[in-house]
Structure formats: C-alpha cells, structure tokens
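Notes follow the structure.
Computed from the coordinates by the stated procedures, all read-outs in this text should not be read as laboratory data. Everything numeric here is computed off the predicted structure, so don't read it as measured data. Virtual Cβ from ideal backbone geometry, glycine too; neighbours counted across all protein chains shown.
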C-alpha cells in the first residue's frame with residue numbers, strides 16, 4: 001500500500017483519538033490540514049486501511065435488517081456477506097470484570113469476521 005500524504009494525515013487523525021471515530025469525524029479532523037481533501041478520498045483511504053488490516057471497522061452504519069430477535073452475525077471481510085446465527089448461551093456468559101464500572105449492560109452481541117466459504121472457494125480456484 002502506497003502511503004501518500006493524505007493517507008498519512010488520515011491515519012494520524014485515527015491514531016490521535018481513543019474513541020471510535022466515524023468517516024465523517026476523520027474527514028472533519030483532516031480537512032483543516034488538507035483543505036482540498038474530499039470525503040470520498042477519506043472514505044476510500046479508510047476502506048484501504050481496513051482491507052490491509054491497519055484498522056478495524058467497528059460498526060457498519062449502512063446495513064439494515066428486519067430480524068429483531070436477538071442474534072449474532074458472521075461477516076465476510078471480502079464480499080461483505082452477512083449471515084445471522086442464534087446463540088442463546090451468550091446471555092449466560094460472565095462479562096469480564098473490567099466492564100463492571102462502565103454502567104448497565106442491556107444486550108450482548110457477537111460479530112464474527114472472516115472469509116466465507118464462497119470466497120475461500122474462489123481463492124482456491126485462482
């Protein structure tokens with residue numbers, strides 16, 4: 001991956017905060033340093049960083065579902081396919097002690113990321 005000035009500024013913006021900034025937050029942080037930068041450039045750089053494992057997307061704000069029962073997801077990092085799975089036992093798991101002072105846990109959720117069988121099969125054919 002080529003490290004351009006814009007990508008370096010985007011990465012610096014990410015590394016300078018402890019929270020989980022959105023693409024809009026990163027754009028707002030970088031824009032004063034590079035007035036000509038576009039949101040699209042920031043968004044594409046973030047996607048590139050994620051593909052190369054430099055960052056992790058914590059939440060995907062562009063996907064919706066109608067399944068309202070509590071469930072978990074398996075997400076393919078290549079094709080972005082999302083599959084639901086149900087794991088009622090997750091409600092019985094003891095949460096780590098470090099979460100005790102955070103507040104009230106109201107829901108447990110698990111997201112598994114990896115490569116689906118279809119993408120693995122494509123890789124094997126190449």
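Summary of computed values
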| quantity | calculated |
| --- | --- |
| The chain - share of DSSP beta bridges that are antiparallel (%, nearest 5) | 50 percent |
| Gaussian network model of the chain, springs between alpha carbon atoms under 10 Å - residue of 46, 110, 93 with greatest fluctuation | 93 |
| Beta bridges per DSSP with both ends in region 52-126, % antiparallel, nearest 5 | 50 percent |
| Cα gyration tensor shape for the chain, rounded if a/c is under 1.5, else prolate or oblate | oblate |
| Helix-only mean residue ellipticity at 222 nm for the chain, each DSSP H run of n ≥ 4 adding -39500 (n - 2.57), per residue, nearest 500 | -9500 deg cm²/dmol |
| Where the Cα pairs of region 5-51 fall when distances are cut into 10 Å bins, in % | 30, 63, 7 |
| Contact order normalised by residue count of region 36-126, Cα under 8 Å, 6+ apart, percent | 28 percent |
| Pairwise FRET efficiency - residue 92 versus residue 33, Cβ, R0 = 30 Å, nearest 0.05 | 0.05 |
